[in-house]
Amino acid sequence: MNAPVDESYSQRLARRFSRDALALTGFWLIILAFVLAALAPFLANNHAIVRVADGQISFPVLRSLEPIEWRFLINVPLAGLIYALRRPLFRNPQRGGLIVAVVVIVVQIALAFVQPYNDVTNDRTRPATFKLMPLIAWSPLESSPDALVGPSWNHLCGTDSTGRDVAARILHGARTSLAIGFVSQVIALGVGVTFGALAGYYRRWVDMVICRFIEVMECFPSLLLILVIIGLSDSQNNMIVIMAVIGLTGWTGTARLVRGEFLRLGGQSFPQAAQALGAGDLRVILRHLLPNSLGPILVTATFGVASAILLESSLSFLGFGMQAPTPSWGDLISEGRRFIDFAWWLVFFPGVVMLVTIMSYNFVGEGLRDAVDPRLQVK
Amino acid sequence: MSAPLLRVENLGIEFGPADAPVKAVDGVSFAMAAGETLAVVGESGSGKSVTALALTRLLATPPARYVSGAIQFQGREVMTMPAPELRALRGKQIAYIFQEPSSSLNPVFTIGYQIREAIEQHRPEVRDVRGEIVRALDLVGIRDAATRLGDYPHQLSGGMQQRVMIAMALACQPNLLVADEPTTALDVTIQKQIMDLLRELKSKTNMAILLITHNFGLVSDFADRVVVMFRGKIVESGPTAEVLRHPQHPYTRALIECVPKLGQKQRRLKVIDYAGIN
Amino acid sequence: MTTYILRRLLLVIPTLFGITLLTFLLIRLAPGNAALIKGQTGENGGHAMTAEVREQTIKLYGLDKDPLTAYGDWLVKLAHLDFGQSLVDHRPVLTKIRERIGLSVSLTGSALVLSYLIAVPVGIAAALRRGQRTDRMISFVVFLLYSIPTFVAALVLILLVAGGDYLNLLPMYGANSIDASEMSGPAWAWDRIKHMILPVICLTYGSLASISRYTRVSMLEVLGQDFLRTARAKGLSERRVIFSQALRNALIPIVTVFAMELPALIGGTIIVEEIFTLPGMGQLVFQSIEARDQFVIMGVVTISAFVTLFGYLMADILYVLVDPRIRFE
Ligand SMILES: Nc1ncnc2c1ncn2[C@@H]1O[C@H](COP(=O)(O)OP(=O)(O)OP(=O)(O)O)[C@@H](O)[C@H]1O
Ligand SMILES: [Mg+2]
């Protein structure tokens, strides 16, 4: 292999990672899942994307978006745009900073004025001179008269017991499932990195105490602990609680890993060199130690997302899922299981989508692990 | 002179990608007579170990590639030998001692067991295997051999571990012992003990020894002949005394000068000047 | 070795305290109980508590005392494994757990043994063919299995082989047939085994990924070791080199992995016992959570944590016993 000599750590990871076909496929599938989830209203909705009637052109889908969707759909591309233009923008740092600040503030103020517009009109049936419907012309909560019909052109993945379109529900459910996997791991990562860094950096009694704490947490099976927490509390089983609980019970692996990396790196000279130059503890941790442990942390986080999605589906099955307006994949599957004898599509389609997503995360995790650990490299 | 015990001809071994190979051994030829002691000298990375391992095709392929050459042992061709014959050759005819005794012994088996394996493999006729193991350990100077059979490698010192390796190699009375830097990993006093032991064993048995080293100091009173390797090639060979007295190749000269002479005031070690060699 | 084991045993003490502290906190922070501590009438999951339940809760968990005294009392109660009485049927929690723990232990135990029997050879095969098609196939399959939620696998298995829609090979639910009490010994045992096959499969397949990956890495590390060259130089056959010399080394770290699987397995029993209506601890805790029977819940949680801790301890001691490098220190 002709490895370029001047490549950075992340470039090296990316190069090794992209040699692994499965991992690369998984990576693009995850990106695809996120894009589809973000664009769900444009893909599955009974509001037309473009509608021309009475000589007027309108965009019903846009009107139906929730404020939070607006914020998401505007801010994510905005962030991408700023990142893409960072070179020309920040050639003059002060001017660039000013421009970015003004744009961001103006956009946020504008977004604050977006009002939810509860449009219940159904463009599928409403006559119009011209209309462009989304690929799936059904909303996830909309019932059709055809309950429990199998896949057809009208309902790509069939309908459920109250006649709702399964494909639309899968597409919108992706938001819930992906968000749970992602957010719960961000929480787990935050807690795990904090404890691991403290233990690995300060060692001695701090390490002792944190290690015991980790061991205590590992004695409680996560599923059991989550059930108990949700069961003992009388919360409304909302999404935030579920994400938080999954995150707060799943950080020990990360903590162990960060601690191990810090202990290992602490033996090398550069943190000491940095300290000798007068860098504070926090600075050493953030600037020197953490970036060097990033690879392994990413690996556990990726596997963590997969297991969080799995865990959430188990919770849904046991009846402790969330009561969100749009159900997660796990909810769809456990709803559908009652009809599994004759309505296979209710479990099959959400099941396959969830399986592919979880596998993608796992393969990305596995590929990252191989890329991070040169000993595991296949030549 | 009768037919040589071992004859290596134009041996070539490569590593790495086929389009940009690392030629670890490049056209090496030499021969050894029965009972002879041959030293292979050369700096680190010059291809000594690769040559030694190739004698019984111990190199894993890949990463290694045998690109050319023939190896004849007692007239039989090793390169094309089928696996069962090759296994009968290994340990029975050609035995090895390696550089790092601590990692060359399996940590989870007792030393007795590891010697037993060799004996059971090649000498099924032996009745009293245990007695044979004890004898092998006695031979290499391990006291109370009978009580040490149950020891695990980590319970022994580095010198003792190397003695166990030697005992294991000698247990089947091989015709050729390949000692790949047997003392490099040991400290100086132990080094001397091990070399003395090898010298003693050499005189007791009629075993040929291929001694690999990068230290000319070990060679002078031990080997009959010397082969000097440099970057995968043999650059000089001949009777030890002659090579030491009249080194032909500049690299040999440089190697010889690296050896601090006993009794002489310690000077700065000479740094080999590669520019002058090429 | 003795010092090593002693040191390990000493480390159990703080962890044990940590477990008791965590359960204690869980109890006091539960909203219903937190209300009781403040002297309000607590709620039990949205329902007002009856006076009797309130009385019992305050007494068992010392909610009227200051935290320190209450924790001390909690420790004493735990030392006697006194978790109070079930709110549902007023029987002692410990008795209820004792009735059910056997089934769950045999379930997890069988699953563990089965996953080792499958995953270790699979991991070795992957290591020996590292980077080749077999290795990739194995990796793909074990991750595929790992990615299937237990309840989905259970549903599909029931649909296919039990219940009669397609095949009717195995019973669908229960630990025994209804007429099991009239069966002779061997017939009863066979009946029990048939009832356990599907649940054990559902618990097993998820662990295959981690154990086989772990075996693979462990084996790969050993395959690069010098002593295998020594073994080959002795003239041992390749099979002997791999399956005697290498395997022994590779297995040492693997014997201890079972403890890490325990939490996931215990979580798995909740789902599996619920689906197959098996009267084990998982079903008990699930029913108790639904019934808001917090004494039973805390009992099961504490016992599960103790069992897992014991598992970790066993794993560490086992490690010492199988690795001569530590055994003869
Ligand atoms: N497994 C391997 N993979 C790639 N290259 C190798 C391998 N083993 C040996 N080589 C190459 O072969 C060359 C010769 O190595 P060899 O081990 O024979 O040196 P040596 O003379 O024994 O040195 P030393 O004194 O350090 O033992 C080295 O330069 C190395 O690059
Ligand atoms: Mg060498």
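The values are calculated or read from the model by the stated rules, or taken from the named source; none is laboratory data. On a predicted model such as this, the values are computed, not experimentally measured, just so you know. Here the Cβ is made from the backbone with ideal geometry for all residues, glycine too, and neighbour counts use every protein chain on show. Note: accessible area is taken over every heavy atom of the protein model, side chains too, but ligands, DNA and RNA are not part of it. Shrake-Rupley method; radii C 1.70, N 1.55, O 1.52, S 1.80 Å.
Got a sec? Which of B:Ala118, B:Ala146 is open to solvent by 10 Å² or more (accessible area, probe 1.4 Å) and at pLDDT below 90? Steps first, answer last, please.
On the way: B:Ala118 fails: open to solvent by 10 Å² or more (accessible area, probe 1.4 Å).
Result of the check over B:Ala118, B:Ala146: B:Ala146.
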Identify, please: which residue in region C:180-236 is open to solvent by less than 60 Å² (accessible area, probe 1.4 Å) and hydroxyl-bearing (Ser, Thr, Tyr) and is, among those, farthest from the other protein chains (Cβ to nearest Cβ)?
C:Thr204
On the basis of being open to solvent by 20 Å² or more (accessible area, probe 1.4 Å) and within 16 Å of ligand 2 (Cβ to nearest atom), does B:Gly27 make the cut?
no
Which condition breaks for B:Phe73 when tested against (1) more than 14 Å from every other protein chain (Cβ to nearest Cβ); (2) open to solvent by less than 10 Å² (accessible area, probe 1.4 Å); (3) over 21 Å from B:Glu100 (Cβ atoms)?
(1)
Take the residues of region C:37-65 that are small (Gly, Ala, Ser) and modelled with pLDDT of 70 or more: which is least open to solvent (accessible area, probe 1.4 Å)?
C:Gly62
Among residues of region B:212-237, those that are over 21 Å from B:Arg199 (Cβ atoms), of a type in the set (Gly, Ala, Ser) and more than 15 Å from ligand 1 (Cβ to nearest atom), counted:
1
Give the residues of region C:146-171 that are surrounded by fewer than 20 Cβ atoms within 10 Å (Cβ to Cβ), more than 7 Å from chain A (Cβ to nearest Cβ) and farther than 22 Å from A:Ser316 by Cα, sorted by residue number.
C:Leu160, C:Val161, C:Gly163, C:Gly164, C:Tyr166, C:Leu167, C:Asn168, C:Leu169, C:Leu170, C:Pro171
Which listed residue, of B:Ile133, B:Ile119, is farther than 24 Å from B:Gln193 by Cβ, in a helix (DSSP H, G or I) and either β-branched (Val, Ile, Thr) or touching a Gly at 6+ places or on another chain (Cβ under 9 Å) (or both)
B:Ile119
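So, in region B:103-113, exactly how many residues are facing chain C (nearest Cβ under 9 Å) and away from ligand 1 (no atom under 16 Å from the Cβ)? I'd like the intermediate steps shown before the answer.
If we filter region B:103-113 for residues that are facing chain C (nearest Cβ under 9 Å), which is where we start, we get B:103-110.
Pick out the ones that are also away from ligand 1 (no atom under 16 Å from the Cβ) and you get B:105-110.
Adding up the residues that qualify gives 6.
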If I go through region C:83-125 residue by residue, how many of them are surrounded by 15 or more Cβ atoms within 10 Å (Cβ to Cβ) and more than 24 Å from C:Leu262 (Cβ to Cβ)?
6
Cβ-Cβ below 9 Å, separation at least six or inter-chain, first residue in region A:203-217 and within 8 Å of chain C (Cβ to nearest Cβ), second open to solvent by 20 Å² or more (accessible area, probe 1.4 Å) and hydroxyl-bearing (Ser, Thr, Tyr): which pairs?
A:Glu215/C:Tyr312
Pair list, Cβ under 8 Å, 6 or more apart: region A:336-360 residue without any contact (Cβ under 8 Å) to a residue 40 or more places away in the chain, other residue of a type in the set (Ser, Thr, Tyr) and crowded, with 16+ Cβ neighbours inside 10 Å:
A:Leu355/C:Ser147
Does region A:329-352 contain any residue that is under 17 Å from the mean Cα position of the chain (by Cα), of a type in the set (A, V, I, L, M, F, W, C), within 18 Å of C:Thr150 (Cβ to Cβ) and surrounded by 20 or more Cβ atoms within 10 Å (Cβ to Cβ)?
yes
Could you go through region A:360-377 and let me know if any residue there is surrounded by fewer than 24 Cβ atoms within 10 Å (Cβ to Cβ), assigned to a helix (DSSP H, G or I), modelled with pLDDT of 90 or more and at the interface with chain C (Cβ under 8 Å from one of its Cβ atoms).
no
Residues in region C:137-145: is at least one at pLDDT 90 or above, surrounded by 15 or more Cβ atoms within 10 Å (Cβ to Cβ), of a type in the set (S, T, N, Q) and in a helix (DSSP H, G or I)?
no
Residue satisfying all of: in region C:279-304; crowded, with 23+ Cβ neighbours inside 10 Å and part of a loop (DSSP other than H, G, I, E, B); farthest from the other protein chains (Cβ to nearest Cβ) among these:
C:Gly280
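Examine region B:27-40 for a residue that is over 20 Å from B:Leu198 (Cα atoms) and within 8 Å of ligand 1 (Cβ to nearest atom), and state whether such a residue exists. Steps first, answer last, please.
So in region B:27-40, the residues over 20 Å from B:Leu198 (Cα atoms) come out as B:27-31.
Subset that is within 8 Å of ligand 1 (Cβ to nearest atom): none.
No: zero hits.
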If we scan region C:305-322, do we find a residue that is more than 14 Å from chain A (Cβ to nearest Cβ), farther than 17 Å from C:Leu112 by Cα and buried (at least 21 other Cβ atoms within 10 Å of the Cβ)?
no
Meets criteria (among the hydrophobic types (A, V, I, L, M, F, W, C), within 12 Å of chain C (Cβ to nearest Cβ) and within 16 Å of ligand 1 (Cβ to nearest atom)) for B:Val178
yes
Among the residues that make up region A:160-173, is at least one of them without any contact (Cβ under 8 Å) to a residue 24 or more places away in the chain and at the interface with chain C (Cβ under 10 Å from one of its Cβ atoms)?
no
Can you spot a residue in region B:89-99 that is open to solvent by 40 Å² or more (accessible area, probe 1.4 Å), within 16 Å of ligand 1 (Cβ to nearest atom) and away from chain C (no Cβ under 14 Å)?
no
Whether any residue in region B:158-173 is closer than 22 Å to B:Lys48 by Cα, away from chain C (no Cβ under 14 Å), in contact (Cβ under 8 Å) with a residue 40 or more places away in the chain and more than 16 Å from ligand 2 (Cβ to nearest atom) is what I want to check.
no
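Pick from region B:46-64 the residues that are more than 15 Å from the chain's Cα centre (by Cα) and within 8 Å of ligand 1 (Cβ to nearest atom): which of them is surrounded by the fewest Cβ atoms within 10 Å (Cβ to Cβ)?
First pass over region B:46-64, keeping only residues more than 15 Å from the chain's Cα centre (by Cα): B:60-64.
Right, trim to within 8 Å of ligand 1 (Cβ to nearest atom) and you get B:60, B:63-64.
Details: B:Ala60: 13, B:Pro63: 11, B:Ala64: 19.
This residue is B:Pro63.
Sort out for me the helices (runs of 4 or more DSSP H) sitting completely within region A:54-137 that have 1 or more residues that are at pLDDT below 80 and open to solvent by 40 Å² or more (accessible area, probe 1.4 Å). Quick ask: steps written out before the conclusion?
Details: elements: A:60-64, A:67-84, A:86-89, A:93-112.
Because the criterion is at least 1 residues that are at pLDDT below 80 and open to solvent by 40 Å² or more (accessible area, probe 1.4 Å), the helices (runs of 4 or more DSSP H) in region A:54-137 that meet it are A:60-64, A:67-84.
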Pairs needed: first member in region C:171-186, in a helix (DSSP H, G or I); second member anywhere, open to solvent by 80 Å² or more (accessible area, probe 1.4 Å); C-beta distance under 7 Å; at least 6 residues apart or different chains.
C:Ala180/C:Trp188
